[in-house]
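The values are calculated or read from the model by the stated rules, or taken from the named source; none is laboratory data. Please read all numbers here as calculations on a predicted model, not as lab measurements. Note that we place each Cβ from the backbone using ideal geometry, even for glycine, and neighbour counts take in every protein chain shown. Please note that ligands, DNA and RNA were not included when accessible areas were found on the heavy atoms of the full protein model with its side chains. Shrake-Rupley method; radii C 1.70, N 1.55, O 1.52, S 1.80 Å.
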Amino acid sequence: MQDLISILDLAKEEVLEIFEKTDALLRGKIRLRLDGKIVSLAFFEPSTRTALSFESAALSMGGRVLGFTSEESISVAKGENLADTVRMLDNYSDCIVIRHKFDGAAKFASEIAQKPVINAGDGKHEHPTQTLIDLYTIKRIFGTPEGLTFGLLGDLRYARTVNSLVRGLKFFRPKKVYLISPPQLRLREEIRNELDYPTEERVDPRDVIGDIDVLYVTRIQKERFPDESEYEKVKESYRVDVRLVEEMRKDSVILHPLPRVTEIDRRIDSYPQAKYFLQASLAVPLRSVLLHEVVGGVEA
Amino acid sequence: MKNGLIVSKIKNGTVIDHIPAGRALAVLRVLGIRGQEGYRIALVMNVESSKMGRKDILKIEERAIEEREAELITLIAPEATINIVKDYEVVEKRKQKVPDKITGLLRCTNPSCITNNDPEAATKFKTLRKSPIELVCEYCETRITEQEVLRQILE
Ligand SMILES: [Zn+2]
């Protein structure tokens, strides 16, 4: 595997292979090693969760990590540009994991770097490793993501996790995907047009909640709004509360890429449908397998 | 010319035919011609065409068209033919193909695209549809329509 910029850079077989390896890793059937390898973290946009999970993944396999997890901490603040920073990290490491606030930054970095580049989120564009975690969580719970009914709730316009997920779902022929959002935050037309499975736009999750196997909730991406007043119009426009979850089927699940703000009532955490902590716990094993594939470590 | 609008032949230069009606001025803009350059130019607009209904024709004396200019012309005039005239005779008829990729010529309309925020990141578009033109940014996947291409050329 070379670069991972979009989830569609992978073939379905490769996705399934990553899932199988993650299963094996969790069951202790394989041990993955990255001895002598160095992973760069280039987080131009601050992140805790994603950066730490990549770091933990690399360290747990005996690899080493260098880089930065917020723009202030590095020379970017002193005026060094993206391209020069990527050239430097390309010399210092075996793989570059990049997060950046601008759309297309990861692809641009991959054209400069000789070493593989993993997109850990570029603007409102894509976040493919999160999608692998999402789909793997669904596979763990349902056996396969194939043929399920999804409800994607929240900011479908600016959430890169949603872009990558709707694309990743093309591998698994969902029965239906409800796109549930305020009208201003609908999935972008050009993304919706490329989907080859049934979708339906909704505003109120209550209308379809009994139908849904997987409710995928996202935070409103405040930082991507062109202006504050647009954000004010939609903030707190949806919320997963006890009333909504009571209407969900018992065997359905709620996922969220985290961090969350107010879109999920914390009382939901104790409901059997709440699976976002399980989802978060699968980030390190899945990213371990991915890093191992990309960097080319030793398997035992 | 069968429609009766008489424009004399040029001696040496270029005739661009089959320009969509009303776009000859945009084609001139692509060529960077604003009138002060001194070229002898004949511009015929909105004349009948058996192929296109109506069309524009442009004749420019003592001016060659470079490959890159020809490519850019196809973005707003995909059917255009470029005739090279020497001594009153057409010595070469070029039908330029719409390029599959367009690098550096146009801007991405997404303000958060890396190409609008990093001096080293030149724009790169892939052609999705040739006529009318539709492009997609290779970095952020924003789509650019013919209207936007025309807007950028004419501004
Ligand atoms: Zn772009």
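When region A:203-255 is examined, which residues are found to be hydroxyl-bearing (Ser, Thr, Tyr) and under 22 Å from the mean Cα position of the chain (by Cα)?
Going residue by residue through region A:203-255, those that are hydroxyl-bearing (Ser, Thr, Tyr) are A:216, A:218, A:229, A:231, A:237-238, A:252.
Correct list: A:Tyr216, A:Thr218, A:Tyr238, A:Ser252.
For B:Ile60, are the conditions met, namely being away from every other protein chain (no Cβ under 14 Å), within 16 Å of the ligand (Cβ to nearest atom) and open to solvent by less than 80 Å² (accessible area, probe 1.4 Å)?
Numbers: away from every other protein chain (no Cβ under 14 Å): yes; within 16 Å of the ligand (Cβ to nearest atom): no; open to solvent by less than 80 Å² (accessible area, probe 1.4 Å): yes.
So B:Ile60 does not fit the description; no.
Take region B:86-120 and flag every residue that is more than 14 Å from chain A (Cβ to nearest Cβ) and touching a helix residue (DSSP H, G or I) at 6+ places or on another chain (Cβ under 9 Å).
Result: B:Arg94, B:Gln96, B:Lys97, B:Val98, B:Pro99, B:Ile102, B:Leu105, B:Leu106.
Taking the stated definitions as given, is B:Arg54 within 18 Å of the chain's Cα centre (by Cα) and assigned to a strand (DSSP E or B)? Even if it seems obvious, please write down each step before you answer.
On the way: within 18 Å of the chain's Cα centre (by Cα): yes; assigned to a strand (DSSP E or B): yes.
Taking the combined requirement at face value, the residue satisfies it.
Count, please, the residues in region A:14-59 that happen to be assigned to a loop (DSSP other than H, G, I, E, B), under 16 Å from the mean Cα position of the chain (by Cα) and of a type in the set (Val, Ile, Thr). Lay out the reasoning, then the answer.
Quick first cut of region A:14-59, residues assigned to a loop (DSSP other than H, G, I, E, B) only: A:27-31, A:34-37, A:44-48.
Narrowing further to those that are under 16 Å from the mean Cα position of the chain (by Cα): A:45-48.
Applying the additional criterion that residues be of a type in the set (Val, Ile, Thr) yields A:48.
Residues flagged as assigned to a loop (DSSP other than H, G, I, E, B), under 16 Å from the mean Cα position of the chain (by Cα) and of a type in the set (Val, Ile, Thr) within region A:14-59 amount to 1.
For every residue, the table says whether it meets (1) outside the structural domain of A:Val208 (by TED's automatic domain parsing); (2) part of a helix (DSSP H, G or I); (3) farther than 19 Å from A:Val86 by Cβ.
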| residue | (1), (2), (3) |
| --- | --- |
| A:Lys107 | yes, yes, no |
| A:Asn119 | yes, no, no |
| A:Asp134 | no, yes, yes |
| A:Lys139 | no, yes, yes |
| A:Gly151 | no, no, yes |
| A:Arg157 | no, no, yes |
| A:Val162 | no, yes, yes |
| A:Leu165 | no, yes, yes |
| A:Gly168 | no, yes, yes |
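Quick one: in region B:116-155, which of the residues that are hydroxyl-bearing (Ser, Thr, Tyr) and over 18 Å from A:Arg188 (Cβ atoms) is farthest from the ligand (Cβ to nearest atom)? Show your work before the answer.
We begin by selecting, within region B:116-155, every residue hydroxyl-bearing (Ser, Thr, Tyr); these are B:123, B:127, B:131, B:139, B:142, B:145.
Filter again for over 18 Å from A:Arg188 (Cβ atoms), leaving B:123, B:127, B:131.
Working: B:Thr123: 7, B:Thr127: 15, B:Ser131: 23 Å.
For region B:116-155, the residue satisfying everything is B:Ser131.
When you scan region B:80-89, do you find a residue that is within 16 Å of the ligand (Cβ to nearest atom) and at pLDDT 90 or above, even just one?
Step one: filter region B:80-89 for residues within 16 Å of the ligand (Cβ to nearest atom), giving none.
Within region B:80-89 (the criterion being within 16 Å of the ligand (Cβ to nearest atom) and at pLDDT 90 or above), the answer is no, since none of the residues qualifies.
Applying the selection to region B:99-115, what residues are closer than 17 Å to B:Leu75 by Cα and either within 16 Å of the ligand (Cβ to nearest atom) or surrounded by 17 or more Cβ atoms within 10 Å (Cβ to Cβ) (or both)?
First, the residues of region B:99-115 that are closer than 17 Å to B:Leu75 by Cα: B:99-109.
Residues satisfying the conditions are B:Pro99, B:Lys101, B:Ile102, B:Thr103, B:Gly104, B:Leu105, B:Leu106, B:Arg107, B:Cys108, B:Thr109.
In region A:176-267, which strands (runs of 3 or more DSSP E) lie fully inside it and hold 2 or more residues that are within 22 Å of A:His125 (Cβ to Cβ), open to solvent by 30 Å² or more (accessible area, probe 1.4 Å) and touching a residue at least 12 places away in the same chain (Cβ under 8 Å)?
On the way: elements: A:176-180, A:199-202, A:214-217, A:253-255.
It comes to A:199-202.
Testing A:Asp3 on (1) modelled with pLDDT of 95 or more; (2) farther than 16 Å from A:Val295 by Cα, one condition comes back false. Which one is that?
(2)
Report whether or not B:Val90 is touching a residue at least 40 places away in the same chain (Cβ under 8 Å) and surrounded by fewer than 18 Cβ atoms within 10 Å (Cβ to Cβ). Spell out the reasoning first.
Numbers: touching a residue at least 40 places away in the same chain (Cβ under 8 Å): yes; surrounded by fewer than 18 Cβ atoms within 10 Å (Cβ to Cβ): yes.
Yes: the conditions hold for B:Val90.
Identify all residues within region A:100-113 that are farther than 21 Å from A:Arg188 by Cβ and either away from chain B (no Cβ under 14 Å) or surrounded by 24 or more Cβ atoms within 10 Å (Cβ to Cβ) (or both); write none if there are none. Break it down stepwise before answering.
Taking region A:100-113 and keeping what is farther than 21 Å from A:Arg188 by Cβ, we get A:109-113.
Result: A:Ala109, single match.
Among the residues in region A:231-247, are any aromatic (Phe, Trp, Tyr) and either over 20 Å from A:Leu135 (Cα atoms) or in contact with a Pro (Cβ under 9 Å, 6 or more places away or on another chain) (or both)? Can you show your working first?
Step one: list which residues in region A:231-247 are aromatic (Phe, Trp, Tyr), which gives A:231, A:238.
Checking the rest, the ones that are also either over 20 Å from A:Leu135 (Cα atoms) or in contact with a Pro (Cβ under 9 Å, 6 or more places away or on another chain) (or both) come to A:231, A:238.
The answer is yes; a qualifying residue exists.
Hey, could you check region A:114-148 for residues that are open to solvent by 10 Å² or more (accessible area, probe 1.4 Å) and among the small types (Gly, Ala, Ser) and say which is nearest to the other protein chains (Cβ to nearest Cβ)?
By that ranking, first place goes to A:Gly147.
For the subset of region B:121-138 comprising residues that are open to solvent by 10 Å² or more (accessible area, probe 1.4 Å) and part of a loop (DSSP other than H, G, I, E, B), which member is nearest to the other protein chains (Cβ to nearest Cβ)? Outline the logic, then answer.
First, the residues of region B:121-138 that are open to solvent by 10 Å² or more (accessible area, probe 1.4 Å): B:122-124, B:126-132, B:134, B:136, B:138.
If we keep only those that are part of a loop (DSSP other than H, G, I, E, B) too, we end up with B:122-123, B:131-132, B:138.
Values: B:Ala122: 10, B:Thr123: 10, B:Ser131: 19, B:Pro132: 16, B:Glu138: 7 Å.
Only one residue tops the list, namely B:Glu138.
Which ranges mark the strands (runs of 3 or more DSSP E) fully within region B:62-106 that have 1 or more residues being touching an Asp or Glu at 6+ places or on another chain (Cβ under 8 Å) and over 21 Å from B:Leu128 (Cβ atoms)? Step through it out loud before you land on a result.
On the way: elements: B:81-86, B:89-94, B:101-103.
Where strands (runs of 3 or more DSSP E) fall fully within region B:62-106 and carry at least 1 residues being touching an Asp or Glu at 6+ places or on another chain (Cβ under 8 Å) and over 21 Å from B:Leu128 (Cβ atoms), they are B:81-86.
Within region A:39-64, work out how many residues are surrounded by 15 or more Cβ atoms within 10 Å (Cβ to Cβ) and closer than 19 Å to A:Ala106 by Cα.
Total satisfying the criteria: 13.
If you go through region B:102-119, how many residues are of a type outside the set (Gly, Ala, Ser) and modelled with pLDDT under 95?
Residues that pass the stated criteria total 7.
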